[in-house]
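Everything on this sheet refers to the single structure shown next.
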Amino acid sequence: MATRRGKSDQNNQGSVWFLRLFALMWNGILVLMFVSMFSKGTIPQWPMLLFLIPFVAVGVFLIYISISPGAALGITGSKSGVPMLESQANPAGASAGQRELKPVSTPGKNLWGSLFICLFWNGIVSAFVVFIIRDWLQGKQEWGLMLFLSPFVLIGLVILYGVFHSFLALFNPRSKLTLDTNMVRPGQTVTVRWKFQGNAEAMDSLKITLQGREEAVYTRGTSTYTDKNVFITIPVIDTKSKSTIKSGHASLKIPEGTMPSFDAAHNRIIWSFHLHGEIPKWPDVQDEFLVSIFPVTPSDLKAIKYRDQDALKTLEMKESDEDKDDDEDLNAQNYFKRH
Amino acid sequence: MLKIILKDTRKCFQPFEVIEGTVKYNLNRPSSEITVDLVWTTMGKGTTDDYRADSSVISTGGSTRGKGKFRLNAPAGPYSFSGKLVSVIWMISCGTESDTEIEEKEIIISPIGSELVV
């Protein structure tokens, strides 16, 4: 039987419950393992504990995504597709105020994220490295295993560098971005204000852009992928002036006839401000601030309609004037031909 | 057989506009009502999302043949658009109680009078 559109379960409840069951099983097995290890009265050796770190990390991660499955499965968004804001409940009142945009990520979050990946990867690799070193000290040189492990160790070192990089970024100046309105719509001119807290003088240049991008989340096999495509980049500011870098403001016009934010479970149109502050010999300031661009209101539509009608009238008048001119030219030509 | 006929044979509507039309039916099996939905669906690379924005019910009175009018309210958004990865398609979809017979008609909901291209 054919199924009609508009009746699908957008929250993908089946996947969520499978995930919860998997998290329960994974952590259950881990608990049983720990209980059996410690119940023997002997404390496990540290290579064994090192080896178990990533499995525990996965367990913690599974608990986290079971509690908040939307973000983990890439299924966020409102069912209607139109972005929801706390201000949308009272758009008339909200439009008068300013809006401080929240960054997508913070240096602290980035550090924890990279630390988690580092522990996971290097936890597994280090267990093998410990075995190799032990064998090496005992005079057994497993060259084949060493060669096999080398790329994994190299990747581990790159991840470790990432942790170090994220740690340094903790000391970067913190950016704050504010809009002069709560409800941004296509065709509207908005003023963006930026301000840095901390050592803003360290930055050599500052570049802020507004980007519109499409995002599509899809599943192939057991993996979930997100494809992104930036369809517009609007420059807001590109400066090297120290005083402007520290704080300033700029106006930009949201293009008329552009697609407002679209926020469904697997498909999105995302608008965001990208802030890039260059710091020599130090991790750059790179922040992203999401902004919701709302569909036009009925009054905006009327304005568009009247403006279009006015434009049409002007065009018609212009065309009729041109036609008149053409007719007059033609008449004049004919007159001269006849005479 | 179900057939959706839109008033003034329009295809493009503005947000917040009322979409009016008629459904002509000649059913194989009797159905006490026909539901007409205004839905959007996504097309493209991502997993399909869809949503029913408004709905209207046509009572057949047990008859297998006839016609009925419907009125649906177009919401503020999303607009009909076409991108490299994602497209949003609006449609009027109607079906019998058991959905054994369904019919869909693609429309455009946009403030600029055509599908937006990003």
Item to complete: Determine the dipole magnitude for chain B: charges of +1 sit on the beta-carbon of Lys and Arg, -1 on that of Asp and Glu, nothing else is charged, the reference point is the Cα centre, and the result goes in debye to the nearest 20.
Response: 340 debye
Response to the item:
Placing one equal point scatterer on each C-alpha of region B:4-71 and summing with Debye, one gets log10 I(q)/I(0) at q = 0.25, 0.27 Å⁻¹ equal to -1.10, -1.17
Worksheet item: Ranked highest first by the average count of other Cβ atoms within 10 Å around their residues, in what order do A:253-261, A:190-198 fall?
Response: A:253-261, A:190-198
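Here are some pairs, A:Lys176/B:Lys84; A:Lys253/B:Lys84; A:Lys102/A:Lys207; A:Lys176/A:Lys242; A:Lys228/B:Lys3; which of them have Cα atoms lying more than 27 Å apart in this structure?
Violating the 27 Å Cα-Cα cut-off are A:Lys176/B:Lys84; A:Lys228/B:Lys3.
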Item to complete: Using only Cα atoms, locate the centre of region B:83-100 and the centre of region B:58-82, then give the distance between them in Å, rounded to an integer.
Response: 12 Å
Item to complete: Report the net charge of residues surrounding B:Gly21, where surrounding means a beta-carbon distance below 14 angstrom and charges are Lys +1, Arg +1, Asp -1, Glu -1.
Response: +1
Worksheet item: Over chain B, with a single point scatterer placed on each C-alpha, what log10 of the ratio I(q)/I(0) does the Debye formula yield at q = 0.10, 0.12, 0.13, 0.14 1/Å?
Response: -0.31, -0.44, -0.51, -0.58
Discussion item. From the phi angles alone, apply the Karplus equation (6.51, -1.76, 1.60; θ = phi - 60°) to region A:144-152 and give each ³J(HN,Hα) in whole Hz, x where the residue is Gly or Pro.
Written reply: x, 5, 4, 4, 5, 7, 3, x, 5
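By count of other Cβ within 10 Å, fewest leading, how are B:Cys94, B:Cys12 ordered?
In order of increasing Cβ crowding within 10 Å: B:Cys12, B:Cys94.
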Fill in: Residues A:Leu168 and A:Asp135, FRET efficiency given R0 of 45 Å [Cβ-Cβ distance, rounded to 0.05]
0.80
Worksheet item: How long are the semi-axes of the ellipsoid equivalent to region A:125-178, from square roots of 5 times the Cα gyration tensor eigenvalues, in whole Å, largest first?
Response: 39, 11, 6
Worksheet item: What distance in nm separates the simple spin-label points at A:Ser247 and A:Phe116, each placed 7 Å from Cα in the Cβ direction?
Response: 3.5 nm
Discussion item. How shielded is B:14-27 by partner chains, expressed as the average number of their Cβ atoms within 10 Å of its Cβ atoms?
Written reply: 1
Worksheet entry | Calculated FRET efficiency for the pair A:Tyr225/A:Gln197, C-beta based, R₀ 45 Å, to 0.05 | 0.75
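All of the numbers you see were taken from the coordinates with simple rules; none came from a lab. Being a predicted model, the structure only gives us computed values, none of them experimental. Every residue, glycine as well, gets a Cβ built from its backbone with ideal geometry; the counts of neighbours run over all protein chains shown.
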